[in-house]
Amino acid sequence: MNDAMPLMDFIQQLPKTETHVHIEGALPLELLQRVRPEFHRPPASWMHDFKYRDFAHFEQELLDMACSWYRTPESYHEAAKLIFAGYVAQNVKYVETSFASGMIEFGGLDGREVLAAIHEAAPAGLEVRVFLGIHHNGAGGKMRPILEEALGWSGLAGIDLHGPEDMTLEPWSAEYWAEARRRGKYTKAHAGEFMGADFVLRVLDELRPHRIEHGVRSVENPAVVSELRRRGVALDVCPTSNHKLMPGVRLPEHPIRQLFDAGVTVTVSTDDPICFGSTVADEYAALAKWQGFTRAELAQVARNGFAVSLLPEAQKQAWMVEIDRLAGGKA
Ligand SMILES: [Zn+2]
């Protein structure tokens, strides 16, 4: 283990992934400042001790910032170029980002154009996979045929259940998630951030996602923790996001340590950096600082990111070898 190297250098040199980031929530501050000069200072929510009152408070601030910029496919392209350059600078090799189907439903955008605009921004050396994020009630009105069509978009890696978790899980979703899998799409779902372990289990049973976004409240029920392990369903955890948004959770007591120690595959990501002010490297540093993760354990988290990625097996193995070279054997 390379202990002589300063921690932030070690984190920088680790090949990393970002598997849970909403592109609207990743709006670069410099673009927000271009259209909203009052943000010459970062949002108050970037302060370490900030806590959102509730999800509605967070969503209102996110929409206020994101909708100031994201209005056209070109605006997605320009933002994605800057976001992806930030990943390259942090030695992030693989990213899964989602765009909100609400931008099609309410913003009048063409999903295929947004998808193409994001993909065209991907630089050499960064693998990008794009998902469509759909709210619990996102299949109403004009959206149902668009969602059906989206499963045929070749540039769409998969789908993700977004939005307030306490909204009804409508009957169309189980059917749609099953159809997505049949059509070769990767499926995810946000669960276990606001709703408890029972909801995680319900989502696992009804939607059968390949992976859960957040999922941290699974820790409240050991049976759900062992179910995640048994089914091999990983959690894309966002510690700083949870620290600032999730009721009752702060970094020092974050359940990620318990989940990691219980053998659940966990990764770390930033979720919505324009709201939370963190980078991928910051998330690794937070695990070390607040949760006592050793370098070997940080390396295991990085390995997990590649293990759950949609990269070809040979490419996954190449990054694992690179992590082993930097960090030594498994944690
Ligand atoms: Zn999220």
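Worth a mention:
- Within the range 112-123, the set of residues being over 19 Å from the mean Cα position of the chain (by Cα) and either outside any helix (DSSP H, G or I) or surrounded by 16 or more Cβ atoms within 10 Å (Cβ to Cβ) (or both) comprises 112, 116, 117, 120, 123.
- Residues in the range 268-294 that are out of contact with any strand residue (DSSP E or B) (no Cβ under 7 Å at 6 or more places or on another chain) and under 22 Å from residue 244 (Cα atoms): 17 in all.
- Candidate set from the range 255-275 (those that are without any contact (Cβ under 8 Å) to a residue 40 or more places away in the chain and within 16 Å of the ligand (Cβ to nearest atom)); member that is nearest to residue 97 (Cα to Cα): 268
- Hey, residue 32 within 16 Å of the ligand (Cβ to nearest atom), among the aliphatic types (A, V, I, L, M) and assigned to a helix (DSSP H, G or I) or not: no
- Residues in the range 87-111 that are crowded, with 17+ Cβ neighbours inside 10 Å and part of a helix (DSSP H, G or I): 87, 102, 103, 104, 105, 111.
- Pairing each residue of the range 70-82 that is among the hydrophobic types (A, V, I, L, M, F, W, C) with any residue that is part of a helix (DSSP H, G or I), provided the two are 6+ apart or on different chains, yields C-beta distances under 8 Å for 79/26; 79/31; 79/69; 80/117; 80/118; 82/30; 82/31.
- Flag if residue 44 is hydrophobic (A, V, I, L, M, F, W, C) and under 21 Å from the mean Cα position of the chain (by Cα): no
- Within the range 209-230, the only residue that satisfies the criterion of being among the polar types (S, T, N, Q) and within 16 Å of the ligand (Cβ to nearest atom) is 218.
- Among the criteria (1) modelled with pLDDT of 95 or more; (2) more than 23 Å from residue 74 (Cα to Cα), the one residue 33 does not fulfil is (2).
- Yes/no for residue 93 being among the charged types (D, E, K, R) and farther than 29 Å from residue 166 by Cα: yes
- Test: residue in the range 19-28 that is more than 28 Å from residue 192 (Cα to Cα), touching a residue at least 12 places away in the same chain (Cβ under 8 Å), away from the ligand (no atom under 16 Å from the Cβ) and part of a loop (DSSP other than H, G, I, E, B): no
- The set of residues in the range 53-104 being of a type in the set (Ser, Thr, Tyr) and under 17 Å from residue 122 (Cβ atoms) consists of 75, 76, 87, 94, 97, 98.
- Just one residue in the set 201, 251, 235 is closer than 22 Å to residue 136 by Cβ and away from the ligand (no atom under 14 Å from the Cβ); that residue is 201.
- Considering (1) in contact with a Pro (Cβ under 7 Å, 6 or more places away or on another chain); (2) modelled with pLDDT under 95, the lone condition that residue 4 does not fulfil carries the number (1).
- Breaking point among (1) closer than 29 Å to residue 158 by Cα; (2) in contact with a helix residue (DSSP H, G or I) (Cβ under 9 Å, 6 or more places away or on another chain); (3) exposed (fewer than 14 other Cβ atoms within 10 Å of the Cβ); (4) not hydrophobic (A, V, I, L, M, F, W, C), for residue 324: (1)
- Of all residues in the range 266-294, those satisfying the criterion of being among the acidic types (Asp, Glu) and either in a helix (DSSP H, G or I) or surrounded by fewer than 24 Cβ atoms within 10 Å (Cβ to Cβ) (or both) are 282, 283.
- Test result for residue 297, among the charged types (D, E, K, R), part of a helix (DSSP H, G or I) and in contact with a strand residue (DSSP E or B) (Cβ under 7 Å, 6 or more places away or on another chain): no
The values are calculated or read from the model by the stated rules, or taken from the named source; none is laboratory data. Everything numeric here is computed off the predicted structure, so don't read it as measured data. So basically every Cβ, Gly included, is an ideal-geometry build from the backbone, and we count neighbours across all protein chains shown.
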